[in-house]
Structures are given as structure tokens and as C-alpha cells.
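Here, each number is a calculation from the coordinates, and none is a lab measurement. None of these values were measured; they are calculated from a predicted model. Neighbour counts run over all protein chains shown; Cβ positions are idealised from the backbone, glycine included.
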Amino acid sequence: MSSPAEIVERYLEALYAGRPEARALLAEDFHFSGPAAHFHGADAFIRATGHAARTARSVEIEKLFSAGSEVAAFYVLHLDHRVTQIRIAERFRVEQGRIASSTMVMDTAPFLPGSGAARQIAIDPVCRMEVDKAAPAATREHEGTTYYFCSTGCAESFERHPAEYLDG
């Protein structure tokens, strides 16, 4: 049986390489909490974060710390994006050989639009990524306002619980 640290390492490498093994390493009731999004359920998480994983060129795991079922991972994601890399800290809880929960900490400011951008940019209210208003993956109307999304997964998450993403 693999250690929690080995499971997390395999998961990170599979997730950011776009391999299906990533989903298999998550518990069905997996819970994710990040800087701009929260997901319950492994399938919902994989569906909503697929766009982010596809922008990864590689993951560089700098350090894993393990204490029982808890694993802290510090890594750098190298991206095919105008933000070429981002440093991430993530805490995982592993139960019965699968990841039960994850809490991610990262600075999302580099992904926000700069001032004076030539194109019209919206911020996806679910994941806080930039979305070109001329070419969004999806849009939704809510209380007279149009919201723009980087993926259909983010739009579906918003549609189910708009208040969760509009608070604050």
C-alpha cells in the first residue's frame, strides 16, 4: 500500500499531466477548498478544474511533508499562459488510499487583468480566472447581470449556487 505522500505525489503528477489516474486517486466525496472556489465531490472538482490542468506544462514538486494521513505539498506549476508559473501550497488528507480533501493556497493576483487592457476582460466568479468577453466558454444571466466563465464546469457550479460565488 502506498503512503499518503506517495499518493499525493502521484495525484499531482497525474492531475497536471491530464491523466485519468488523478480522478481515481480522489475519494468520491472529495472536498476541495481553494482561493476562489470550493467543490464537493470528485467528479465536480475534476470537471470544473480541467481547464486549469490543461494549461499546465509541468509540475515541480519542491517539498512534501507528511504526518499520518495529512500531507503538505509545496510546488510550482509551469503554465502555458501569460502567467508562466505559479507557486502553490496545498494540504491534503488521505483516507483509505484516496485523497479525501485538499486545501489550496496560492496568489491569484497574477491572473487578474492588468489596467488598460485592450480587450474586454471579465473575471470568472467561480475560479477568478480572466475571461475574454468576446470568447467566453460560457455565460449565465443572474439578476439582470451577465457573468462570463472560463469553462462550462465553472458556469454549472455558478448556476447551482450563485450566491456562494457572488458574496464578498
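Per residue, the convex hull spanned by the alpha carbons of region 90-161 comes to 120 Å³.
In plain terms, the residue of F158, F74, F149 with the fewest other Cβ atoms within 10 Å comes first and the most crowded comes last, giving F74, F158, F149. Put simply, region 32-131 fits an ellipsoid with semi-axes of 27, 16, 11 Å; these come from the alpha carbon gyration tensor as the roots of five times its eigenvalues, largest first. The orientation-averaged projection of the convex hull spanning the C-alpha atoms of region 1-71 amounts to 5.2 square nanometres. Evaluated with a Cβ-only charge set (Lys, Arg +1; Asp, Glu -1), the chain carries a dipole of roughly 360 debye about its Cα centre, given to the nearest 20. Applying 1/(1 + (r/R0)^6) with R0 = 45 Å to the Cβ-Cβ distance of M1 and H142 gives a FRET efficiency near 0.45. For region 29-49, backbone nitrogen atoms closer than 13 Å to the point 7 Å from S69 Cα along Cα-to-C-beta are found at 29-31.
Per the Kirkwood formula applied to alpha carbons, the chain shows a radius of gyration over Rh ratio, Rg over Rh, of 0.98. A full extension of the chain between R23 and H38 corresponds to an added length of 3.7 nm, given 0.36 nm per residue minus the alpha carbon distance. Farthest towards the positive end of the charge dipole of the chain, among the residues T146, V76, S3, is the Cα of V76, using unit charges on the Cβ of Lys, Arg, Asp and Glu. Within the listed set A155, A37, A67, the Gaussian network model of the chain (springs between alpha-carbon atoms below 10 Å) gives the highest mean-square fluctuation for A67. The label-point distance for I61 and L112, in a model that sets each label 7 Å from Cα toward Cβ, rounds to 3.2 nm.
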